[in-house]
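Before any comments, here is the structure.
The values are calculated or read from the model by the stated rules, or taken from the named source; none is laboratory data. Computed from a prediction, not measured in an experiment: that's the story for all the values here. Quick reminder, even Gly has a Cβ in these numbers, built from the backbone with ideal geometry, and neighbours come from all protein chains shown. Surface accessibility is based on the protein's heavy atoms, side chains included, excluding ligands, DNA and RNA. Shrake-Rupley method; radii C 1.70, N 1.55, O 1.52, S 1.80 Å.
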Amino acid sequence: FLANHVTHLTGDSCPLRGTRWTPLYLSGAKSGSVGSLHDGVLSASRPSAVATPSYPFIPSDALETDVHTIAVVAGTGLDQAARYLPALTDLQLAAPTSLTYTTAPLTRPVIAVGPAAADIWLSSTAPATDLYLVVADVRPDGTAYPVGTGALRTAYPDIVRSRSVVDAHGRIVDPYNVFAARKVSRVGTMRRYQVEILPIGNRFATGDRIRLYVVGTPIDQLASPPGLNTVRTGGLAASRLLLPTVRNR
């Protein structure tokens, strides 16, 4: 998109007919691609080894992590500022305080269109915290651009399956979360959260990587109090990203 290379897709439904959700598992193995608190891997296979990295829940740079709001107001000067200070928008500032999970360089393009989801096992030092996720396209030179975000306050873990989008394998790929009543978690207790990631529209080119950031809420939003969050990956209760993919037509 930044180079004016746009892929055109049309359809009469959303998600597009033929959409498949590819599970990418969060792994404790090291990708060696970014300087973050935990430089993990996104893998097509479920890792057997369990890892429990932690990150401090502190506000993140909204220009990097609040993609949709910033896109609305970018023309007021933020785009111009980013030309001179690229780190404002390319996730350089978010990485040092986040957990990251990254694929190997892609051997073919991946077109991601539609709603995504993540199943994340998380515990916290607070009864309620925010689980904030950013999906990024990482260029071969290592620059990471945000292409999608998802958020869930952990006091609302329940979903309505009948109103969620379910794929052909019975996996919930666009959860309908329930916000009618708070259900805070016991401090330090692992609990599963199904997080809606707002619809993505991005072509990951050959040689690019797909990366998931687990990071604090953007500073321009009303965040929960600071604390320490811990994510569990691997084993039978594995955290994963469900990415919507379509074929180029």
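Only beta bridges with both residues in the chain are counted; by DSSP, about 90 percent of them are antiparallel. Relative contact order, percent, of region 19-135 when contacts are C-alpha pairs under 8 Å separated by at least 6 residues? Across region 19-135, relative contact order equals 32 percent.
Using 0.36 nm per residue and subtracting the Cα-Cα separation, the extra length available between R247 and K183 on full extension is 19.0 nm.
Which values of log₁₀ I(q)/I(0), to two decimal places, follow from the Debye formula for region 106-249 at q = 0.14, 0.19 Å⁻¹ with a uniform point scatterer at every Cα? Each listed q corresponds, in turn, to -0.71, -1.21. Accessible surface calculations at 1.4 Å, restricted to protein heavy atoms, place the chain at 49 Å² per residue.
Pick out, from V147, T19, T7, the residue whose Cα sits farthest towards the positive end of the charge dipole of the chain, with +1 on the Cβ of Lys and Arg and -1 on the Cβ of Asp and Glu. Value: T19. Note on H169 and Y84: with the Förster distance fixed at 41 Å, the Cβ-Cβ geometry gives a FRET efficiency of about 0.30.
Taking the Cα centroid of region 13-33 and of region 103-156, what is the distance between the two, rounded to the nearest whole Å? Taking the Cα centre of region 103-156 as reference, the centre of region 13-33 is 10 Å away.
Grouping the Cα pair distances of the chain into 10 Å bins from zero gives a pair-distance distribution of 7, 32, 39, 19, 3 percent in increasing distance order.
Relative contact order for region 81-235: what is it in percent, counting Cα pairs under 8 Å that are at least 6 residues apart?
Details: 334 pairs, mean separation 61.2, N = 155.
It rounds to 39 percent for region 81-235.
Return the carbon/sulfur percentage of the accessible area of region 172-249, one whole number, probe 1.4 Å, all protein chains in place. Could you put the intermediate results ahead of the total?
On the way: 2070 of 3730 Å².
The value for region 172-249 is 56 percent carbon and sulfur by accessible area.
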